[in-house]
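Working notes, beginning with the structure itself.
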Amino acid sequence: MIAPTLFSGVPVRVITARRVDDPREVITIGQLGLPIERLDGALAAVAAQERRRDDQLDDVIGSTQLRGIYEAIASDDLT
């Protein structure tokens, strides 16, 4: 869990989805409404906490296929 005061006032949304034909496969996408210029400082501030979380998840995660930080370049509402 990210420290609540670290991103105070910054919108954070986390989406977790399970593969419909294999419930053991899960993807989590976090959207952080933070200017890219502030990203390095924010990541440094939560680095130790994220390492602890990752270490705890190693016991239950078989493998990680993709892990990274991405900049959103489009958002479309297809309704």
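For region 7-79, GluC sites (Glu not before Pro) meeting the loop criterion (DSSP other than H, G, I, E, B) and having at most 10 other Cβ atoms within 10 Å: Glu71. The calculated FRET efficiency for the pair Val26 and Ile69, based on their C-beta separation and a Förster distance of 25 Å, comes to about 0.85.
A simple spin-label model places the labels of Asp76 and Ala45 3.4 nm from each other, with each point 7 Å out along Cα-to-Cβ.
Report which label in (1) 2.39; (2) 1.26; (3) 1.04 holds the value of Cα Rg over 2.2 N^0.38 Å derived from the coordinates of this structure. Computing Cα Rg over 2.2 N^0.38 Å and matching it to (1) 2.39; (2) 1.26; (3) 1.04 gives (2).
For the chain, modelled as a GNM whose springs connect Cα atoms under 10 angstrom apart, the maximal fluctuation among Asp22, Asp54, Asp40 occurs at Asp22.
Each reported figure results from applying straightforward, stated rules to the coordinates on display, with no laboratory input. What you are looking at is a predicted structure, and each value in this text was computed from that prediction instead of being measured. Here the Cβ is made from the backbone with ideal geometry for all residues, glycine too, and neighbour counts use every protein chain on show.
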